[in-house]
1. Kindly provide the set of residues from region 124-170 that are closer than 22 Å to residue 195 by Cβ, within 13 Å of the ligand (Cβ to nearest atom) and touching a Pro at 6+ places or on another chain (Cβ under 8 Å), ordered by number.
2. Which number in (1) out of contact with any Ser or Thr (no Cβ under 9 Å at 6 or more places or on another chain); (2) open to solvent by 20 Å² or more (accessible area, probe 1.4 Å) marks the one condition that residue 169 misses?
3. Search region 13-36 for residues that are in contact (Cβ under 8 Å) with a residue 40 or more places away in the chain and pair each with any residue that is surrounded by 14 or more Cβ atoms within 10 Å (Cβ to Cβ) and assigned to a helix (DSSP H, G or I) when their beta-carbon atoms are under 8 Å apart and the residues are at least 6 apart or on different chains.
4. Filter region 156-166 down to the residues that are open to solvent by 60 Å² or more (accessible area, probe 1.4 Å) and in a loop (DSSP other than H, G, I, E, B) and list them by number.
5. How do the pairs read when you match residues in region 45-68 that are free of Cβ contacts under 8 Å to residues at least 40 places away in the same chain with residues anywhere that are assigned to a helix (DSSP H, G or I) and polar (S, T, N, Q), using Cβ under 7 Å and keeping only pairs 6 or more apart or on different chains?
6. Can you name the condition, by its number, that residue 121 falls short on among (1) open to solvent by 30 Å² or more (accessible area, probe 1.4 Å); (2) part of a loop (DSSP other than H, G, I, E, B); (3) within 16 Å of the ligand (Cβ to nearest atom)?
7. With respect to the numbered conditions (1) assigned to a strand (DSSP E or B); (2) closer than 16 Å to residue 69 by Cβ, which one is the sole condition not fulfilled by residue 185?
8. State yes or no: is residue 36 within 22 Å of residue 167 (Cα to Cα) and modelled with pLDDT of 95 or more?
Amino acid sequence: MSVSRFGCDKLPCVDVENVAADVEKVLLTEADIQRRIGELAAEIERDYEGLDLLLVGVLKGAVMIMADLSRALHRHVETDWMAVSSYGSGTRSSGVVRILKDLDTDVIHRHVLVVEDIIDTGLTLSWLVSNLRSRGPASVETCTLLRKPEAAKRPVDVRYVGFDIPNEFVVGYGLDYAEKYRNLRVVATLAPHVYG
Ligand code: PRP
């Protein structure tokens, strides 16, 4: 196995090389992402010290951050998943949110931390938070790896933000275009010819 399979600090990731013609620019390297997730995990550990914690990942995009964030925590944590629909197959939000898969866990009296890959318009997360708050949890907070400017202007109270990024369509680290590119280790913009 070549060294580039393990890190992207100096060498380009193998997975980016594999789709090099589709990628315009790498915004966040694997090292950037892992470093920030470590910092977020440390904050979460401090904030939830002595409290039980349920991480709720939003499928499918949050799979990567859920896997890395949960493993960066030096404490017990439970995980559950929801799937909601907010986008069609294009690059714009439809504004429609519906539950495709609900939690298996009862969140009553639990401390819930919703984990997202990206907040774009903020519609999905604001809807999800109010839905979960109606179920009688002890608390509902949110964590996202990426946040776009439009969401930063909306009344979505995000407690943990990995990175504020420009208003560009990004893929990788869970984020897709037409279900591809989720398995890139980096976050990158797509070349216009891919979606043009
Ligand atoms: C993405 C992302 C968030 C949502 C954010 O999910 O994972 O859930 O869009 O957009 P918003 O802030 O404009 O509401 P998507 O619906 O693309 O599903 P996926 O995670 O399965 O790709």
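The values are calculated or read from the model by the stated rules, or taken from the named source; none is laboratory data. Bear in mind the structure is a predicted one, so any value in this text is a computation, not a measurement. Quick reminder, even Gly has a Cβ in these numbers, built from the backbone with ideal geometry, and neighbours come from all protein chains shown. Protein only, heavy atoms only, side chains kept; ligands, DNA and RNA dropped before computing areas. Shrake-Rupley method; radii C 1.70, N 1.55, O 1.52, S 1.80 Å.
1. Of everything in region 124-170, those that are closer than 22 Å to residue 195 by Cβ, within 13 Å of the ligand (Cβ to nearest atom) and touching a Pro at 6+ places or on another chain (Cβ under 8 Å) turn out to be 148, 149, 167.
2. Exception for residue 169: condition (1).
3. Sorted first by the residue in region 13-36, then by its partner, the pairs are 13/4; 13/30; 22/194; 23/16; 26/16; 33/68.
4. Matches in region 156-166: 157, 159, 166.
5. Listed pairs, sorted by first residue: 68/34.
6. The failed condition is (1).
7. Of (1) assigned to a strand (DSSP E or B); (2) closer than 16 Å to residue 69 by Cβ, only one is false for residue 185: (1).
8. Here the answer is yes, as residue 36 does meet what is asked.
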